[in-house]
1. Which members of region 106-121 meet the condition of being over 17 Å from residue 75 (Cβ atoms) and crowded, with 20+ Cβ neighbours inside 10 Å?
2. Exactly one of (1) within 16 Å of the ligand (Cβ to nearest atom); (2) surrounded by fewer than 19 Cβ atoms within 10 Å (Cβ to Cβ) is unmet by residue 124. Its number?
3. So, residue 118, is that one assigned to a helix (DSSP H, G or I), touching a residue at least 60 places away in the same chain (Cβ under 8 Å) and at negative phi or not?
4. Working carefully through the options 24, 54, 80, find the one that is within 12 Å of the ligand (Cβ to nearest atom) and in contact (Cβ under 8 Å) with a residue 24 or more places away in the chain.
5. Please go through region 127-161 and give me each residue that is within 15 Å of the ligand (Cβ to nearest atom), closer than 17 Å to residue 12 by Cβ and out of contact with any strand residue (DSSP E or B) (no Cβ under 7 Å at 6 or more places or on another chain), ordered by number.
6. Would you check which residues across region 137-176 are exposed (fewer than 12 other Cβ atoms within 10 Å of the Cβ) and within 25 Å of residue 89 (Cβ to Cβ) and list them?
7. Within region 127-152, track down each residue that is more than 11 Å from the chain's Cα centre (by Cα) and either free of Cβ contacts under 8 Å to residues at least 40 places away in the same chain or part of a helix (DSSP H, G or I) (or both).
8. For residue 106, work out the one condition from (1) in contact (Cβ under 8 Å) with a residue 24 or more places away in the chain; (2) within 15 Å of the ligand (Cβ to nearest atom); (3) under 30 Å from residue 157 (Cβ atoms) it doesn't fulfil.
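The values are calculated or read from the model by the stated rules, or taken from the named source; none is laboratory data. For clarity, every value in this text was computed on a predicted model and none was experimentally measured. Don't worry about glycine lacking a Cβ; one is built from the backbone with ideal geometry, like all the others, and counts go over all protein chains shown.
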Ligand code: NI
């Protein structure tokens, strides 16, 4: 793994890299495998259920996820697309790029995801509930969309102070 990849860390709101529309992955090579390995490690360290490439400052269309915490259950989705969404349910979500922010988000309860694996092979999965929720959350990241853009008015008020703190700490880090 290159030194550069080892140095990748999770970027926090309001880092502008979280707001970009990401480019499709075109090279299914060793660099991609190494990037995915680093993202999996960071997801486990942060005890998250998913992590998208822009969250490590890489504006490419891919994410990793794991809803059990067991490393054998890691999944990788490259160039994902969500189809055939059904149902709607509101549930709490967090995000590794928004530490200590937990908000209620309405999502489809059932959907299909089409993506490619690390070898560039296309696959398709149908999922419900948490699985389907994570797919939507992570795919949102690839368009620069955060849970802040989907939360309701009461969460907007409830998270205001925390967001101001994250903004201040981002400005502070940039100054150093
Ligand atoms: Ni997130």
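1. Answer for region 106-121, where residues must be over 17 Å from residue 75 (Cβ atoms) and crowded, with 20+ Cβ neighbours inside 10 Å: just 107.
2. Only one criterion is unmet by residue 124, namely (1).
3. In short, no.
4. Working: 24 fails: within 12 Å of the ligand (Cβ to nearest atom); 80 fails: within 12 Å of the ligand (Cβ to nearest atom).
Answer to the selection: 54.
5. If the condition is that a residue be within 15 Å of the ligand (Cβ to nearest atom), closer than 17 Å to residue 12 by Cβ and out of contact with any strand residue (DSSP E or B) (no Cβ under 7 Å at 6 or more places or on another chain), then 140, 144, 145, 146, 148, 149 are the ones that fit.
6. Result: 149, 153, 154, 157.
7. Result: 127, 128, 129, 130, 131, 132, 133, 148, 149.
8. Result: residue 106 passes all but (2).
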